[in-house]
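Peer 1: Submitted below is the structure of interest, expressed as structure tokens.
The values are calculated or read from the model by the stated rules, or taken from the named source; none is laboratory data. None of these values were measured; they are calculated from a predicted model. All Cβ positions, glycine included, derive from the backbone under ideal geometry; neighbour counts span all protein chains shown.
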Amino acid sequence: MADVCVITGGGSGMGSAAAKFMPKDKLILIAGRTEAKLQKAAAELEALGYRAYYKTCDTSKRRSVRELAEYAASLGTVRNVINAAGLSPAMAKPEQLIRVNALGTVYVNTEFAKVMGKGSVIVDVSSNSAYAIPKLVIPKSAYKLADSDEKAFLAKMIKRSSLPRGEYQRSGFAYALSKNFAVWYARKSAFELGGKGIRVVSVSPGLVATDMGELEAEEGKKMLRYGAEKRMGTPEELGFAIASAADERNGYLSGVDILCDGGCTVGRRFAG
Ligand SMILES: NC(=O)c1ccc[n+]([C@@H]2O[C@H](COP(=O)([O-])OP(=O)(O)OC[C@H]3O[C@@H](n4cnc5c(N)ncnc54)[C@H](OP(=O)(O)O)[C@@H]3O)[C@@H](O)[C@H]2O)c1
């Protein structure tokens, strides 16, 4: 049976770049909402010598994620899952950001865990925005409801997102909150799934020159002056970091977040 690597958000940006760093003996299954994008990205992979499949999936819907996981398992042994699907503040309002970035992480980790076994790995893509929220306003009690009471979780997260003034600021805060949650949930999953032999990590990119990154560049570039690199990351650099985290040879890496932002978050703390 072939090893299968599933990449949500694999039709573009970092997900698509990560696919190109996976070993060629794996079967790559990319997923996202837009079929035309997936078709194009799969053709690119095929041209590079990969066996590539695609399936439309909306990660903010549990049923859609379950169907993706079942399809992946029908193709072979699901060994690597990279959850790069996400929306940014310029793309959506708080509720959708929380549904896709936060609940999407819950659905991907829990539904794929059902079809994965020993020696497999889930990488959840978060953001360095996860580190931008003051500890005092992180609603940890809401986070704990994500598995048991989804409705209450959503209501509390949306309510917390209404703290800032201004529409973009509220979306920005909801984005940061959803990504802070993704880091928390990946860590939680690592300790729950470790016994089953499934490794879970998150990767938190800084500003990266993908379509999404360009959309957020005006706001995002304010962070670059704090960085050691003082520039945006490239999709290929992040694709490599994500693919390395998802590689079985990185078998001792679990329960952590990999902050890959050219030093921006640490630099900002140094700056006071
Ligand atoms: N670029 C940055 O500066 C940056 C910084 C930090 C973190 N990130 C995170 O990195 C990840 C990858 O982003 P990117 O920069 O590579 O942007 P991107 O090119 O826009 O990739 C995001 C992908 O997610 C898919 N997607 C969005 N909503 C989805 C949903 N509900 N279900 C399934 N797929 C969905 C999109 O395809 P469809 O629209 O066709 O579904 C798209 O292919 C995201 O999680 C993002 O939040 C990005």
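Peer 1: Of Arg165, Arg269, Arg225, which residue is more than 11 Å from the ligand (Cβ to nearest atom), exposed (fewer than 15 other Cβ atoms within 10 Å of the Cβ) and assigned to a loop (DSSP other than H, G, I, E, B)?
Peer 2: Details: Arg269 fails: assigned to a loop (DSSP other than H, G, I, E, B); Arg225 fails: assigned to a loop (DSSP other than H, G, I, E, B).
It is Arg165.
Conditions tested, residue by residue: (1) modelled with pLDDT of 95 or more; (2) outside any loop (DSSP other than H, G, I, E, B); (3) closer than 19 Å to Lys55 by Cα.
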site: Tyr71; (1), (2), (3): yes, yes, yes
site: Met116; (1), (2), (3): yes, no, yes
site: Ser141; (1), (2), (3): yes, yes, no
site: Leu145; (1), (2), (3): yes, no, no
site: Phe153; (1), (2), (3): yes, yes, no
site: Lys159; (1), (2), (3): yes, yes, no
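Peer 1: Which pairs turn up if I take residues in the stretch 168-192 that are part of a helix (DSSP H, G or I) and look for partners that are of a type in the set (Phe, Trp, Tyr) with beta carbon separation below 6 Å, at least 6 apart in sequence or on another chain?
Peer 2: Phe181/Tyr143; Trp184/Tyr143
Peer 1: OK, next. Name every residue in the stretch 237-266 that is within 16 Å of the chain's Cα centre (by Cα), in a helix (DSSP H, G or I) and either surrounded by fewer than 19 Cβ atoms within 10 Å (Cβ to Cβ) or touching a residue at least 40 places away in the same chain (Cβ under 8 Å) (or both), in order of residue number.
Peer 2: Result: Glu237, Leu238, Gly239, Phe240, Ile242, Ala243, Ser244, Ala245.
Peer 1: Okay, next question. Step by step: first the residues of the stretch 109-156, then only those that are of a type in the set (S, T, N, Q) and surrounded by 15 or more Cβ atoms within 10 Å (Cβ to Cβ), then the one that is nearest to the chain's Cα centre (by Cα). Which residue is that? Write out each step before concluding.
Peer 2: Kept after step one, since they are of a type in the set (S, T, N, Q), are these residues of the stretch 109-156: 109-110, 120, 126-129, 141, 148.
If we keep only those that are surrounded by 15 or more Cβ atoms within 10 Å (Cβ to Cβ) as well, we get 109-110, 120, 126-129.
Details: Asn109: 11, Thr110: 14, Ser120: 17, Ser126: 5, Ser127: 8, Asn128: 12, Ser129: 13 Å.
Checking each candidate, the answer is Ser126.
Peer 1: Among the residues of the stretch 91-102, what is the count of those that are in contact (Cβ under 8 Å) with a residue 60 or more places away in the chain and surrounded by fewer than 17 Cβ atoms within 10 Å (Cβ to Cβ)?
Peer 2: Residues that pass the stated criteria total 3.
Residues are listed down the side, and each one gets a yes or a no for (1) under 16 Å from the mean Cα position of the chain (by Cα); (2) assigned to a helix (DSSP H, G or I); (3) surrounded by fewer than 17 Cβ atoms within 10 Å (Cβ to Cβ); (4) away from the ligand (no atom under 14 Å from the Cβ):
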{"position": "Ser60", "(1), (2), (3), (4)": "yes, no, no, no"}
{"position": "Arg63", "(1), (2), (3), (4)": "no, yes, yes, no"}
{"position": "Arg66", "(1), (2), (3), (4)": "no, yes, no, no"}
{"position": "Val81", "(1), (2), (3), (4)": "yes, no, no, no"}
{"position": "Gly104", "(1), (2), (3), (4)": "yes, yes, no, no"}
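Peer 1: Tell me whether the stretch 197-204 contains one or more residues that are in contact with a Phe, Trp or Tyr (Cβ under 8 Å, 6 or more places away or on another chain) and either near the ligand (Cβ under 8 Å from one of its atoms) or in contact (Cβ under 8 Å) with a residue 24 or more places away in the chain (or both).
Peer 2: yes
This table checks each residue for (1) in contact with an Asp or Glu (Cβ under 6 Å, 6 or more places away or on another chain); (2) of a type in the set (A, V, I, L, M).
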residue	(1), (2)
Leu27	no, yes
Gly32	no, no
Lys40	no, no
Ala47	no, yes
Thr56	yes, no
Lys61	no, no
Arg66	yes, no
Glu70	no, no
Ala73	no, yes
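Peer 1: Take the residues in the stretch 24-58 that are of a type in the set (Gly, Ala, Ser) and away from the ligand (no atom under 13 Å from the Cβ); name whichever of them is surrounded by the most Cβ atoms within 10 Å (Cβ to Cβ).
Peer 2: Among them, the one singled out is Ala52.
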